[in-house]
Structure formats: C-alpha cells, structure tokens
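The values are calculated or read from the model by the stated rules, or taken from the named source; none is laboratory data. Every value quoted in this text rests on a predicted model; they were computed, and no experiment measured them. All Cβ positions, glycine included, derive from the backbone under ideal geometry; neighbour counts span all protein chains shown.
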Amino acid sequence: MLHVTPRIRIPAQELKETFVHAPGPGGQNVNKVATAVQLRFDIAGSPSLPEAVRTRLLRLAGKRVNRSGEIVIEARRHRTRERNRHDAVARLVALIRQAALQPRARIPTRPTAAAKRRRLQEKKRRAGLKRLRGSVSGGDE
C-alpha cells in the first residue's frame, strides 16, 4: 500500500514495475544487470484516485502519459535496482501530491488609478524616446 496523502492510498497491485538496461556508467555489470526501472500506473483505470485529482494528474503528467492513460516513470539515476525503484515511486508520489492540491480560484482585480497613470506616463516616455530616433534633417546634403 502506497500512502500518498491521508485520503489517497494506492494498492501495490496498481503499480507495475519493469526493469530494463540503463545507459551510462555501470561498471562490470553494465551489460548484465537491468537496473533502470519503468514504473507504470494506470491513471484512467485507478479506483484509488478521486476524479478531480485524476484530471489534474493527467494534465500535470504531460508526455509521460501514454494513449491508454498510463503514466510511465523511468528511473535510471542510480546503479542499483532498489534505489531506482525508490526514486521512481518517490517521483510518482510527488506528482500525485501536486495533483491533489486544489488550485486556488483567481479573484479578478482591477488596476488602481495610480497604476494606470504610471503605465501611461511610461508609454509617453517610450514614445518620446522613439520619436528622437527619427530621421535626421541635415543641412549639408
């Protein structure tokens, strides 16, 4: 059981791990041991996630979600399977926790009179500078 938040718990059966060969340094075992982890979690079919969290997670995950609605997290930073497995799970938990946070509603505001005045003054100053860059009317030519 993976405890994400006090309300969200994911059973281990919903996570699928596969081990693949990792590129990069590995010493003597580089071509013998598959240490990189591909962690798959079916967002679309998981009964553990509330609907609001599911939609935010799909948007947050971006390119890591495949066509069938699975999020695929690859972890290959470390040389051992166990550390890569913990890394992948930690990244999944962080992503789900981020999706579990409900964004605050934006309260539309109007600019103050002083802010409008400053904006117009700055526009006039910039226009004056640009006007000075105009063509030079000379007497020699």
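Here are the numbers for the structure shown:
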quantity: Residue in region 39-51 that is hydroxyl-bearing (S, T, Y) and over 22 Å from H3 (Cβ atoms) present; calculated: no
quantity: Top-ranked residue of region 65-110 - restricted to ones that are free of Cβ contacts under 8 Å to residues at least 12 places away in the same chain and of a type in the set (G, A, S), ranked as farthest from M1 (Cα to Cα); calculated: A105
quantity: Positions within region 51-65 being surrounded by 11 or more Cβ atoms within 10 Å (Cβ to Cβ) and out of contact with any helix residue (DSSP H, G or I) (no Cβ under 7 Å at 6 or more places or on another chain), in sequence order; calculated: A52, R54, T55, L58, R64
quantity: Region 1-21, residues that are assigned to a loop (DSSP other than H, G, I, E, B) and within 22 Å of the chain's Cα centre (by Cα); calculated: V4, T5, I8
quantity: Test: residue in region 111-120 that is touching a residue at least 12 places away in the same chain (Cβ under 8 Å), in a helix (DSSP H, G or I) and either surrounded by 13 or more Cβ atoms within 10 Å (Cβ to Cβ) or of a type in the set (A, V, I, L, M) (or both); calculated: no
quantity: Leading residue by the ranking (farthest from the chain's Cα centre (by Cα)) among those in region 52-69 that are assigned to a loop (DSSP other than H, G, I, E, B) and either more than 26 Å from A22 (Cβ to Cβ) or not charged (D, E, K, R) (or both); calculated: S68
quantity: Which listed residue, of V93, V33, V72, is surrounded by fewer than 17 Cβ atoms within 10 Å (Cβ to Cβ), assigned to a loop (DSSP other than H, G, I, E, B), at negative phi and of a type in the set (A, V, I, L, M, F, W, C); calculated: V33
quantity: Residue within region 99-108 that is in contact with a Leu (Cβ under 8 Å, 6 or more places away or on another chain) and either at pLDDT below 85 or surrounded by 16 or more Cβ atoms within 10 Å (Cβ to Cβ) (or both) present; calculated: yes
